Amino acid sequence: RAGAGPPKGLNSLPFLQPQRAAYRIIDPGMTNIQLKICSLGDFAVGKTSLIRRYVEGVFDEKYLSTIGVWISRKTIRHENYEFNLILWDLAGGDNYLRHHTNYLRGAAGAILVCDLSRLETLPYIKKYAGQLRTINPKAEIVIVGNKSDLSDAREVTDESLDGLSADLECDYFVTSAKTGSNVEDVFLSLAKQLASKRWPKTE
């Protein structure tokens, strides 16, 4: 990645401009990395709620439908890395699948979200994973089974998630945007995967 300059600030991003992951040394012990991360899944699985819980620490019971894409930013530190995450929350469902190609360009990774209380949302995980990896074969992914707080209505089992994660060769988490359970772990896990495989520590 030698010679790659830092990406533009969020306010100057053109709506569909692909973003490349980049890094720069800000002091001898810290590497600053900017990453584009997409949130993918069927409609109403809680993608927006997960990102709002992660970025803002809030949850809204009202259904928040995303039209097109919504972009947020979050900075986290882990070991000798500072990750500047640009989070692209993409609208879900069959009607939007064909429009995602431009949004996915330049994505370093993605969280693939299903609703634990709706079994029919699980097959979308493979659809979005295939779409992302066609565009960027090196993209890292994490599967998220959201709405663990709806335990009495749960239809997606741990066994199903475990099998799917084995097929896609990725980790999975069971989360609740409502309670915040495991939400931080999802994004930290993805950032650590990217750091360990693409930006190993320098001696």
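The values are calculated or read from the model by the stated rules, or taken from the named source; none is laboratory data. All values derive from a computational prediction rather than experimental measurement. Because the Cβ atoms are built from the backbone with ideal geometry, glycine has one as well, and the counts that use them run over all protein chains shown. Surface accessibility is based on the protein's heavy atoms, side chains included, excluding ligands, DNA and RNA. Shrake-Rupley method; radii C 1.70, N 1.55, O 1.52, S 1.80 Å.
Residues in segment 143-171 that are closer than 15 Å to PRO123 by Cα and within 14 Å of the chain's Cα centre (by Cα): ILE143, VAL144, GLY145, ASN146. Residues in segment 150-174 that are part of a helix (DSSP H, G or I) and either in contact (Cβ under 8 Å) with a residue 24 or more places away in the chain or open to solvent by less than 40 Å² (accessible area, probe 1.4 Å) (or both): ALA153, SER160, LEU161, GLY163, LEU164, SER165, ASP167, LEU168.
Of ASP60, ASP94, all but one fail to be at pLDDT below 95 and within 20 Å of LYS178 (Cβ to Cβ); the exception is ASP60. Can you pull out every residue in segment 118-133 that is surrounded by fewer than 20 Cβ atoms within 10 Å (Cβ to Cβ) and more than 19 Å from LYS197 (Cα to Cα)? Answer for segment 118-133, where residues must be surrounded by fewer than 20 Cβ atoms within 10 Å (Cβ to Cβ) and more than 19 Å from LYS197 (Cα to Cα): ARG118, LEU119, GLU120, PRO123, LYS126, LYS127, GLY130, GLN131. Screening the candidates ALA107, ALA177, ALA195 for the property of being in contact with a helix residue (DSSP H, G or I) (Cβ under 9 Å, 6 or more places away or on another chain), open to solvent by less than 70 Å² (accessible area, probe 1.4 Å) and under 19 Å from LYS36 (Cβ atoms) yields one hit, ALA107.
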